[in-house]
Amino acid sequence: MRPPTVPLYVWWAVAIVSVVAFMAVYVPMMPNRRLRIRVSCAPVAMAVVAVLSGLAKGIELEVLLPLYSAAVLALVLGVLGHGREMREKTQDIVAHGNRAENKLSSGVLSQLAISIVVLLCAAIWFASKSL
């Protein structure tokens, strides 16, 4: 089964929506301004890495944008519904540093792993049209 042809402007829209969703989910979890700024820079850093990798390997935007969007959305869907736990863990890390009690629950880790695998498989399927 071949993936549908999705125009590039749709992938741009999906990428923008995924970044907005990332900001809406992660920024409110951060307990202070410094961490909110650092988390806000994550999608930009991911985009820079994607573009530089794409340029180095000659990968087109039709391949990069689905993969980028899937990676950002996977991070969003991976913690969706676990905002309270994420907020508490982050506040504890800020207050006491990294320690064993700060580890994420198996539910969050499982949800994150599943969302990453599912969305990146879907992105690879969509990107395979351009390969």
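Against the main long axis of the alpha-carbon atoms of the chain, helix 61-79 sits at an angle near 30°.
Ranked by solvent-accessible area (1.4 Å probe, protein heavy atoms only, all chains present), the residues VAL10, VAL108 order from largest to smallest as VAL10, VAL108.
Figure legend: label point modelled 7 angstrom from the Cα of LEU61 along Cα→Cβ; residues of segment 1-26 with amide N under 19 Å from it are 5-20. Using a probe of 1.4 Å on the protein chains alone, the accessible area found for LEU61 is around 70 Å².
Give the ranking of LEU73, LEU55 by solvent-accessible surface, highest area first, calculated with a 1.4 Å probe.
Details: LEU73 50, LEU55 135 Å².
In descending accessible area the options line up as LEU55, LEU73.
Per the 1.4 Å probe, what fraction of the accessible area of the chain, in percent, lies on carbon and sulfur atoms? With neighbouring chains kept in place, the figure for the chain is 70 percent. Here the Debye sum runs over all C-alpha atoms of segment 31-104 as equal scatterers in vacuum, and log10 of I(q)/I(0) at q = 0.21, 0.24, 0.26, 0.27 Å⁻¹ comes out as -0.97, -1.09, -1.18, -1.22. Note on LYS129: lysines with a C-alpha under 28 Å away, same-chain residues under 8 apart excluded, are LYS57. Between ARG33 and LEU8, the FRET efficiency from the beta-carbon distance, with R0 = 30 Å, is close to 0.25. In this simple spin-label model, placing a label point 7 Å from the Cα along the Cα-to-Cβ direction at both GLU88 and LEU104 gives a separation of 1.6 nm. In the assembled protein chains, SER40 presents an accessible area of approximately 40 Å² (probe radius 1.4 Å). Measuring between their Cα centroids, segment 1-41 and segment 86-131 lie 14 Å from each other. Hey, what angle do you get for helix 106-127 against the long axis of the chain, alpha-carbon based, 0 to 90 degrees rounded to 10? Between helix and principal axis, roughly 10 degrees. Among the GluC sites (Glu not before Pro) within segment 44-131, those in coil by DSSP and having at most 15 neighbouring Cβ atoms inside 10 Å are GLU60. Modelled label positions at ILE124 and ALA24, each set 7 Å beyond Cα in the direction of Cβ, lie 2.9 nm from each other. Treating the angle as unsigned and between 0 and 90°, give the value, to the nearest 10°, between the Cα long axis of helix 42-57 and the longest Cα principal axis of the chain. Tilt relative to the chain: about 30 degrees. In the context of the full set of protein chains, segment 7-131 has a per residue accessible area of 59 Å² (1.4 Å probe). A 1.4 Å probe, protein heavy atoms only, puts the accessible area of VAL20 near 90 Å².
Its residue count N fixes a reference of 2.2 N^0.38 Å for the chain, and the Cα radius of gyration divided by that reference is 1.17.
The values are calculated or read from the model by the stated rules, or taken from the named source; none is laboratory data. Note that the coordinates shown come from a computational prediction; the quantities given were computed from them, not determined experimentally. Using ideal geometry, Cβ is built from the backbone for each residue, glycine included, and neighbour counts are taken over all protein chains shown. Side chains are part of the model used for accessible areas, which takes the heavy atoms of the whole protein and leaves out ligands, DNA and RNA. Shrake-Rupley method; radii C 1.70, N 1.55, O 1.52, S 1.80 Å.
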